[in-house]
Amino acid sequence: MSGMDFEIKTLPAMRLATVPHTGPYHEIGPAFGKLGSIAGPAGLFAQPGAMMLGIYKDDPTKTPAAQLRSAACVVIPDGAAMPAGLVEDRIDGGTYASLVHVGPYEGLPGAWMKMRDALGGAGTVRRQAPACEIYWNDPSRVKPEELKTEICVPVE
């Protein structure tokens with residue numbers, strides 16, 4: 001593997017409308033289904049700055065799968081009403097290591113492993129904050145091989 005496959009960037013603080021999920025991270029799919037069914041009709045995807053995220057709050061190497069906390073999220077403006085059925089959460093702004101994965105979502109676990117290895121190899125220190133996936137396009141609109149997902153890991 002060639003040196004640094006990730007870049008360091010700053011993410012802004014974000015207000016999120018979420019559907020929380022507890023359990024194995026790869027089982028978060030239904031939470032995204034519920035998020036879409038509520039946020040879509042509520043017009044949240046049409047708001048300025050709307051982005052779909054998954055946030056992952058626990059370290060799967062240290063936390064039992066059944067207890068892993070994650071959430072399906074859409075970024076919403078501070079002034080927007082929180083629709084019934086969605087839970088407000090926030091991500092503090094800060095420094096993240098970012099890796100963009102292009103291709104089917106099935107490739108994401110491998111991309112996360114690559115990211116972990118790259119961070120370890122670079123001696124990067126992870127800070128206490130949720131990691132996240134930012135979904136830059138819509139699986140209902142683009143082919144799986146064109147899906148663009150940005151993995152963001154909070155670092156010192």
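The values are calculated or read from the model by the stated rules, or taken from the named source; none is laboratory data. None of the values given here were measured: they were computed from a predicted structure. FYI the Cβ positions are ideal-geometry reconstructions off the backbone, even for glycines, and counts take in every protein chain you see.
If you check Pro20, Pro24 for being over 23 Å from Val155 (Cα atoms), surrounded by 12 or more Cβ atoms within 10 Å (Cβ to Cβ) and in contact with a Ser or Thr (Cβ under 8 Å, 6 or more places away or on another chain), only one passes: Pro20.
Would you be able to say whether some residue in the stretch 49-72 is surrounded by 16 or more Cβ atoms within 10 Å (Cβ to Cβ), farther than 17 Å from Pro130 by Cβ and either modelled with pLDDT of 95 or more or of a type in the set (A, V, I, L, M) (or both)? Yes, the stretch 49-72 has at least one match. Among the numbered conditions (1) modelled with pLDDT under 95; (2) in a helix (DSSP H, G or I); (3) surrounded by fewer than 15 Cβ atoms within 10 Å (Cβ to Cβ), the only one that Trp112 does not meet is (3). The requirement of being crowded, with 18+ Cβ neighbours inside 10 Å, touching a strand residue (DSSP E or B) at 6+ places or on another chain (Cβ under 7 Å) and under 17 Å from Pro130 (Cα atoms) is satisfied by Val75. Considering the stretch 78-98, the residues that are modelled with pLDDT of 95 or more, within 27 Å of Lys148 (Cβ to Cβ) and of a type in the set (A, V, I, L, M) include one that is surrounded by the fewest Cβ atoms within 10 Å (Cβ to Cβ), namely Val87. Can you name the condition, by its number, that Asp78 falls short on among (1) in a strand (DSSP E or B); (2) of a type in the set (D, E, K, R); (3) farther than 23 Å from Asp138 by Cα? Condition (1) is where Asp78 drops out. Taking the numbered list (1) more than 19 Å from Leu108 (Cβ to Cβ); (2) of a type in the set (Gly, Ala, Ser); (3) modelled with pLDDT of 95 or more; (4) more than 15 Å from the chain's Cα centre (by Cα) in turn, Ala17 passes all entries but (4).
Restricting the stretch 117-156 to residues that are of a type in the set (Lys, Arg) and part of a loop (DSSP other than H, G, I, E, B) leaves a set whose member that is modelled with the highest pLDDT is Lys143. Checking the conditions here, which among Ala71, Ala50, Ala42 is hydrophobic (A, V, I, L, M, F, W, C), farther than 16 Å from Pro12 by Cα and outside any strand (DSSP E or B)? Just a single option satisfies the conditions, and that option is Ala42.
Of all residues in the stretch 96-122, those that are touching a residue at least 24 places away in the same chain (Cβ under 8 Å) have Cβ atoms under 8 Å from Cβ atoms of residues that are of a type in the set (Ser, Thr, Tyr) and in a loop (DSSP other than H, G, I, E, B), 6 or more apart or on another chain, in Ala97/Thr124.
Is one or more of the residues making up the stretch 70-90 hydroxyl-bearing (Ser, Thr, Tyr) and within 13 Å of the chain's Cα centre (by Cα)? For the stretch 70-90, residues hydroxyl-bearing (Ser, Thr, Tyr) and within 13 Å of the chain's Cα centre (by Cα): present.
Go through the residues of the stretch 26-40 one by one and say whether even a single one is at positive phi and out of contact with any strand residue (DSSP E or B) (no Cβ under 9 Å at 6 or more places or on another chain). No - not one qualifying residue is present in the stretch 26-40.
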